[in-house]
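Inspection log for the structure reproduced underneath, given as structure tokens.
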Amino acid sequence: MGLITTKCLIIGSGPAGYTAGMYLSRAGIDATIISGPQPGGQLTDTHEIENYPGFPDSIGGYDLMELMKKQAEKFGAKNVLGQITEADFSKRPFHLKADNSDEYVADTVIIATGATAKYTGLESEKKYLGQGVSACAVCDGFFYRKKDVIVVGGGDTAVGDALYLSNICNKVYVAVRKPYLRATQILQDRMKAAKNIELLTETVVTEIYGNDGVEGVTVKFRKDTPEEKVRQIPVAGYFAAVGRKPQTDVFSSQIETDEAGYILTNGKDTKTNIEGVFVAGDCADPVYRQAVVAAGTGAKAALDVEKFLNS
Ligand SMILES: Cc1cc2nc3c(=O)[nH]c(=O)nc-3n(C[C@H](O)[C@H](O)[C@H](O)COP(=O)(O)OP(=O)(O)OC[C@H]3O[C@@H](n4cnc5c(N)ncnc54)[C@H](O)[C@@H]3O)c2cc1C
């Protein structure tokens, strides 16, 4: 395509990016959405979404994202393939380059590049992803109602996930490598009070097994315990809670982030530290990480861009 000039370049095609594109184009503002390595974003990894408003009978992740894309295109937003590899935010209009040699000149930018879940690296995590392996308790917990599950990790996310799951599942194991949890004390206290959570310290999951989806995990205890050092625990669900990585490396030398790489705003709107660059979705959200929230911030970013361009 070569050189593309646009009023607003939206980087990322998840719920945040498509929603921003839909709002901007509907307001008559020329918007270009660049897809990135995963057109449609994280939801395309999941079969069934039960908590996106408007779909009482649930909807497939891929189908939902195709509808969002269609709705953005209906009002004129352009979708292009490619991944931004360089960005120069030193002066407006901004200049950006993509991996396919396309170059962009944009009056404004919305960064909506999302975040990816980290896993422990087991081969069997990949094998059963979406078939019992998940990195999102709020998204997938309901599928394990009244069943036994295991959460892997020892921080606030792991304990928060365990508490969330304890209200839905029969029993929740929490496996942590260290002899202690890193989670804040208040969360640990709540976990201790929950009758159906069992903490397994100095424990590593070495294998996830099952014929048709997850049926259990093999764990290795690293300390001398009265129990066997290797044990199989039957569970229907395995939740990785070992952290997430916002996809912001390409911008982090110019855009302010926290130490984990999440883009910072002033908390009131979607402005970043660079005038004319806005942010939406999971790449600025270490807390909520839900599609409806990402879509909501996409709408906010579009409204902020509109105000900025008209001021
Ligand atoms: C397995 C799974 C199941 C989930 N289930 C649910 C659920 O049931 N309900 C729910 O509400 N939420 C669910 N979530 C969470 C939800 O997917 C996210 O909160 C949401 O997708 C975040 O939207 P986003 O637009 O911020 O980012 P993402 O969806 O992560 O999209 C980011 C986009 O940025 C693009 N990108 C990245 N880097 C670049 C670059 N350099 N240049 C250009 N583009 C780039 C990517 O290709 C992608 O298109 C689930 C997540 C996962 C992983």
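The values are calculated or read from the model by the stated rules, or taken from the named source; none is laboratory data. Keep in mind that what you see is a predicted model, and the values were worked out from it rather than measured. So basically every Cβ, Gly included, is an ideal-geometry build from the backbone, and we count neighbours across all protein chains shown.
Side notes on the structure shown:
- G121 being surrounded by fewer than 18 Cβ atoms within 10 Å (Cβ to Cβ), under 19 Å from T206 (Cα atoms) and not aliphatic (A, V, I, L, M): yes
- Number of the condition not met by L43 [criteria: (1) near the ligand (Cβ under 9 Å from one of its atoms); (2) at pLDDT 95 or above; (3) more than 11 Å from N79 (Cα to Cα)]: (2)
- Close pairs from the range 96-111: first under 15 Å from Q83 (Cβ atoms), partner basic (K, R), Cβ under 6 Å, at least 6 apart: E103/K97
- Strands (runs of 3 or more DSSP E) fully within the range 203-311 counting 3 or more residues that are under 30 Å from D88 (Cα atoms) and touching a residue at least 40 places away in the same chain (Cβ under 8 Å): 244-246, 277-279
- Residue in the range 24-32 that is within 11 Å of the ligand (Cβ to nearest atom), more than 16 Å from the chain's Cα centre (by Cα), charged (D, E, K, R) and within 21 Å of I84 (Cα to Cα) present: no
This table checks each residue for (1) in a strand (DSSP E or B); (2) modelled with pLDDT under 95; (3) in contact with a strand residue (DSSP E or B) (Cβ under 7 Å, 6 or more places away or on another chain).
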{"residue": "I33", "(1), (2), (3)": "yes, no, yes"}
{"residue": "Y52", "(1), (2), (3)": "no, no, yes"}
{"residue": "E73", "(1), (2), (3)": "no, no, yes"}
{"residue": "G76", "(1), (2), (3)": "no, no, no"}
{"residue": "T85", "(1), (2), (3)": "yes, no, yes"}
{"residue": "R92", "(1), (2), (3)": "no, no, yes"}
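- Looking only at the range 210-228, and only at residues there that are over 21 Å from Y180 (Cα atoms) and exposed (fewer than 15 other Cβ atoms within 10 Å of the Cβ), the one that is modelled with the lowest pLDDT: D212
- Inside the range 293-311, residues that are surrounded by fewer than 24 Cβ atoms within 10 Å (Cβ to Cβ), of a type in the set (A, V, I, L, M) and more than 8 Å from the ligand (Cβ to nearest atom) make up a count of 3.
- Residue in the range 139-150 that is surrounded by 16 or more Cβ atoms within 10 Å (Cβ to Cβ), within 16 Å of the ligand (Cβ to nearest atom) and either within 30 Å of E86 (Cα to Cα) or polar (S, T, N, Q) (or both) present: no
- Meets criteria (modelled with pLDDT of 95 or more, surrounded by 15 or more Cβ atoms within 10 Å (Cβ to Cβ) and within 8 Å of the ligand (Cβ to nearest atom)) for G21: no
- Count of the range 269-292 residues which are farther than 24 Å from A117 by Cα and near the ligand (Cβ under 7 Å from one of its atoms): 0
- The selection criterion, being away from the ligand (no atom under 14 Å from the Cβ), under 22 Å from V292 (Cα atoms), outside the structural domain of V133 (by TED's automatic domain parsing) and surrounded by fewer than 15 Cβ atoms within 10 Å (Cβ to Cβ), holds for K70.
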